[in-house]
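This report concerns only the one structure given below.
The values are calculated or read from the model by the stated rules, or taken from the named source; none is laboratory data. In this text, all values refer to a predicted model and were calculated from it rather than measured experimentally. As a convention, Cβ positions derive from the backbone with ideal geometry for all residues, glycine included, and neighbour counts pool all protein chains shown.
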Amino acid sequence: SLPSVLKFGIQAIEAIQIVHKQGFVHRDIKPGNFLIGNTQGTTSLFYLTDFGLCKKLNIVNGIVSMPTNKAKFRGSMTYASLNAHNYVELGRQDDLISLLYILVEFFNGILPWSGIEDAEKVKKLKLHYIGIKLLKRLPIQFLEFESYILSLDYTTDPDYEYL
């Protein structure tokens, strides 16, 4: 349901923000890396896990430096950003686009590229399904969310409160 997707989305943004504020990019945001609490008082809380692909941002005097090298593919193909498909070093905006893919999948039950293993086909579908084609069944705020995330670059600190 939409309320469940929104509840998860808010908590996921908060968890991702904590990782980013510590100077890291997660680089593997996917449903399997979120756990639900299982003790009294935590059964409605989501926790971000699996920091195996995390990378420290290069921050000098409070400013994030652009990476200089081409990157390897990181993350899970279904949820990876186009930057991952283009072998660009992943930044905070890429964690957030991965979250958007999760939210769309939770609401629709599937992504247009779910189950496809060919990386080039997945990339083409992600390019094709940007914007309204991907988000047509969701409230307009999801289009604004996507537009905002796509406006960010590697060095930009996302406005988590806006999200």
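Can you spot a residue in segment 142-162 that is under 19 Å from Lys56 (Cα atoms) and surrounded by 18 or more Cβ atoms within 10 Å (Cβ to Cβ)?
Looking for residues that are under 19 Å from Lys56 (Cα atoms) and surrounded by 18 or more Cβ atoms within 10 Å (Cβ to Cβ), one finds at least one in segment 142-162, hence yes.
Just give me the residues in segment 53-95 being without any contact (Cβ under 8 Å) to a residue 60 or more places away in the chain and of a type in the set (Ser, Thr, Tyr), in sequence order.
Thr68, Ser76, Thr78, Tyr79, Ser81, Tyr87
Is it true that Leu99 is buried (at least 20 other Cβ atoms within 10 Å of the Cβ), in contact (Cβ under 8 Å) with a residue 12 or more places away in the chain and either aromatic (Phe, Trp, Tyr) or in contact with a helix residue (DSSP H, G or I) (Cβ under 9 Å, 6 or more places away or on another chain) (or both)?
Details: buried (at least 20 other Cβ atoms within 10 Å of the Cβ): yes; in contact (Cβ under 8 Å) with a residue 12 or more places away in the chain: yes; either aromatic (Phe, Trp, Tyr) or in contact with a helix residue (DSSP H, G or I) (Cβ under 9 Å, 6 or more places away or on another chain) (or both): yes.
Against the criterion (buried (at least 20 other Cβ atoms within 10 Å of the Cβ), in contact (Cβ under 8 Å) with a residue 12 or more places away in the chain and either aromatic (Phe, Trp, Tyr) or in contact with a helix residue (DSSP H, G or I) (Cβ under 9 Å, 6 or more places away or on another chain) (or both)), Leu99 qualifies.
Go through (1) surrounded by fewer than 17 Cβ atoms within 10 Å (Cβ to Cβ); (2) modelled with pLDDT of 85 or more; (3) more than 24 Å from Leu135 (Cβ to Cβ) and name the single condition Glu89 misses.
(1)
Considering every residue within segment 102-110, establish whether at least one is assigned to a loop (DSSP other than H, G, I, E, B), more than 22 Å from His20 (Cα to Cα) and in contact with a helix residue (DSSP H, G or I) (Cβ under 7 Å, 6 or more places away or on another chain).
So the first thing to find is which residues in segment 102-110 are assigned to a loop (DSSP other than H, G, I, E, B), and the list is 109-110.
Of the ones still in play, those that are also more than 22 Å from His20 (Cα to Cα) are 109-110.
So of that shortlist, the ones also in contact with a helix residue (DSSP H, G or I) (Cβ under 7 Å, 6 or more places away or on another chain) come out as none.
Checked against the condition, which is being assigned to a loop (DSSP other than H, G, I, E, B), more than 22 Å from His20 (Cα to Cα) and in contact with a helix residue (DSSP H, G or I) (Cβ under 7 Å, 6 or more places away or on another chain), segment 102-110 yields no hits at all.
Of the residues Leu53, Leu35, Leu82, which single one is at pLDDT 75 or above, in contact with a helix residue (DSSP H, G or I) (Cβ under 8 Å, 6 or more places away or on another chain) and not β-branched (Val, Ile, Thr)? Working first, answer last.
Numbers: Leu53 fails: in contact with a helix residue (DSSP H, G or I) (Cβ under 8 Å, 6 or more places away or on another chain); Leu35 fails: in contact with a helix residue (DSSP H, G or I) (Cβ under 8 Å, 6 or more places away or on another chain).
Step by step, each of Leu53, Leu35, Leu82 is checked, and only Leu82 is at pLDDT 75 or above, in contact with a helix residue (DSSP H, G or I) (Cβ under 8 Å, 6 or more places away or on another chain) and not β-branched (Val, Ile, Thr).
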